[in-house]
Amino acid sequence: MSQRIFIAGLFHETHTFVDGKTSLADFKIRRGEEMLACAGNASPLGGVLEYAKKQEWEISPGIDCRATPSGTVDDEVVEAWWSEFKSAWQPDCDAVYLVLHGAMVAETTRDVEGELLARIRKLIGEDTPIFGAYDLHANFSFAMAANSDCLVAYRENPHSDAREAAVRAAGLLVRCLAESARPKMYLKQTRIIFPPTGTGTADDPMRSLEAAARELEGGEVWVVNIAGGFAFADTPDTGLSFQVVSGGSVESAEKILDELEQLAEDLKEHGSGQDEALDGVMLRLREPIGGLTLLVEPADNIGGGAPGDCTGCLRALIDHQVQNAAICINDPETVAQLAGVKIGAKISIGVGGKGSQLDEGPLNLETELLSRSNGRFELEDKKSHMASMVGDFADMGDCTLLRHAGVLILLTSNKTAPFDLGQWHSQGVDPAQLDVIVIKAAVAHKRAYDPITARSFWVDTPGPCSSNLKRFSYEHLRDGMWPL
């Protein structure tokens, strides 16, 4: 007899320090057949649905809500999701499978996933297993661990394995149902908070922590997760944590957690993610390199919840008269102003500087309008960090491509993280032929850009996602936390 599995998703990485709130209208919502139609696409939801078909599971779709990283979420979103989950729930389901992020914060709920998992557990009872997958940047809580059986983290940052993690969790659910075995989740929260620039898995500390986790898995230990945490969510659960999913003893799980904590202590200085002064980097750009240079701007990291319209790097490119350069700015207001302008026209327009009080404000430029588009493109890399967020297609909204002096400026209407080269190719621009590109990210761009890049500089600019966590006024951290 095939099992019946209830599947739902909730995905938002909440930056509690940025201006503005995230409303229900900001979320892409899928229900019923629209959820099932994701089967086979590049997202984690697509992966588990495809796997479910192979297992001949009967899928009972709930609700899937996801939004681009942004500010604190309205309480309405949490209650709307919960209301639809309850309405869609079928008591004859054999298990619940969830696609989560793990760092969502609402107005009155600092641990959204933990709160909803507790409600789900109360609704479905103790006998129904809860499995699922979550983002490596989760701030994992004790409520999340206590009210689930097995949540599996991504292992890579950039998140090239998000879909794989979802399938891995589904495979463990098969084991659970086949063996009538219910593992338990054990959690260790550390006192360490890494900025996003310190959580790349190609480098320490995450590289060594992930390697150690893989060595510790096997037998009664189903999964060992490394949750790097999301530093810009001000909560009691913020920071690096570890989870062991095990059918073995409490003592064996705690031994693994203690070992990982000690390793993290030994390596924590590697995760400080220090960025260079922009003025000094601009002088170094004059050194010939014979290839593409990236100016990586973590403070305006779109994937971390920043507005993607800060002007610090754009001002530097212009002041230093850098040629053959490009930058993407999210500026729907300016895109709308250019809607009636003819291609090829010269126009003076204010660009960027509208989304953060930390920025100097809009930059008035004499520009040439080169092209416009609807901004939709298919991802060139279906295992990219972006695929974990959107599936197969990205939607930048209405776009315009401008030129000012030697700088191409792509203006978008939807915040679009720079995680796929299709962003530029869709606009007729070959990024490999440019000398300099500004990247509003921390780490997740590397999978797309490293193969075509000669050198990269991480620069310190005004913006809400600075790698220097001492700039943030935390109010809700646990005692003894160490923001690096």
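The values are calculated or read from the model by the stated rules, or taken from the named source; none is laboratory data. Predicted model, so just to flag it, every value in this text is computed and none were measured. No Cβ is skipped: glycine too gets one built from the backbone with ideal geometry, and neighbour counts run over all protein chains shown.
Couple of notes before you dig in:
- Screening 31, 66 for residues that are of a type in the set (Lys, Arg) and closer than 29 Å to residue 472 by Cα leaves exactly one candidate, 66.
- Members of region 374-396 that are under 30 Å from residue 342 (Cβ atoms) and surrounded by fewer than 17 Cβ atoms within 10 Å (Cβ to Cβ): 374, 376, 378, 393, 395
- For region 80-96, the set of residues classified as in a helix (DSSP H, G or I) and without any contact (Cβ under 8 Å) to a residue 60 or more places away in the chain consists of 80, 82, 83, 84, 86, 87, listed by residue number.
- Residue satisfying condition, being outside the structural domain of residue 394 (by TED's automatic domain parsing), in a strand (DSSP E or B) and either modelled with pLDDT under 95 or in contact with a Ser or Thr (Cβ under 9 Å, 6 or more places away or on another chain) (or both), within set 77, 99: 99
- Residue within region 292-303 that is over 22 Å from residue 419 (Cα atoms) and assigned to a loop (DSSP other than H, G, I, E, B) present: no
- Leading residue by the ranking (farthest from residue 135 (Cα to Cα)) among those in region 262-292 that are in contact with a Ser or Thr (Cβ under 6 Å, 6 or more places away or on another chain) and not hydrophobic (A, V, I, L, M, F, W, C): 275
- Looking across region 412-463, the residues that are under 21 Å from residue 396 (Cβ atoms) and among the charged types (D, E, K, R) come down to 415, 420, 430, 440, 446, 447.
- Qualifying residue in region 24-42 (condition: in contact (Cβ under 8 Å) with a residue 60 or more places away in the chain, assigned to a helix (DSSP H, G or I) and not assigned by TED's automatic domain parsing to the domain that holds residue 389): no
- Taken over region 206-251, the residue count meeting the criterion of being of a type in the set (Gly, Ala, Ser), assigned to a loop (DSSP other than H, G, I, E, B) and farther than 20 Å from residue 100 by Cα is 4.
- Residue 136 assigned to a loop (DSSP other than H, G, I, E, B) and either in contact (Cβ under 8 Å) with a residue 40 or more places away in the chain or closer than 27 Å to residue 230 by Cβ (or both): yes
- Candidates 346, 342, 354, 383: the one that is within 24 Å of residue 104 (Cα to Cα) and of a type in the set (D, E, K, R) is 383.
- Some residue of region 264-284 being assigned to a helix (DSSP H, G or I), among the small types (Gly, Ala, Ser) and closer than 29 Å to residue 101 by Cβ: yes
- Cβ-Cβ under 8 Å pairs, at least 6 apart or on other chains, region 354-369 side in the same structural domain as residue 398 (by TED's automatic domain parsing), far side in a strand (DSSP E or B) and polar (S, T, N, Q): 355/330; 364/348; 365/348; 366/348; 367/348; 369/400
- Test for residue 221: is it modelled with pLDDT of 95 or more, surrounded by fewer than 20 Cβ atoms within 10 Å (Cβ to Cβ) and among the aliphatic types (A, V, I, L, M): yes
- Looking at 306, 345, just one residue is assigned by TED's automatic domain parsing to the domain that holds residue 423, surrounded by fewer than 17 Cβ atoms within 10 Å (Cβ to Cβ), of a type in the set (Gly, Ala, Ser) and touching an Asp or Glu at 6+ places or on another chain (Cβ under 9 Å), and that residue is 345.
- When residue 113 is tested against (1) assigned to a loop (DSSP other than H, G, I, E, B); (2) within 15 Å of residue 238 (Cα to Cα); (3) in contact with a strand residue (DSSP E or B) (Cβ under 6 Å, 6 or more places away or on another chain), just one condition goes unmet, and that condition is (1).
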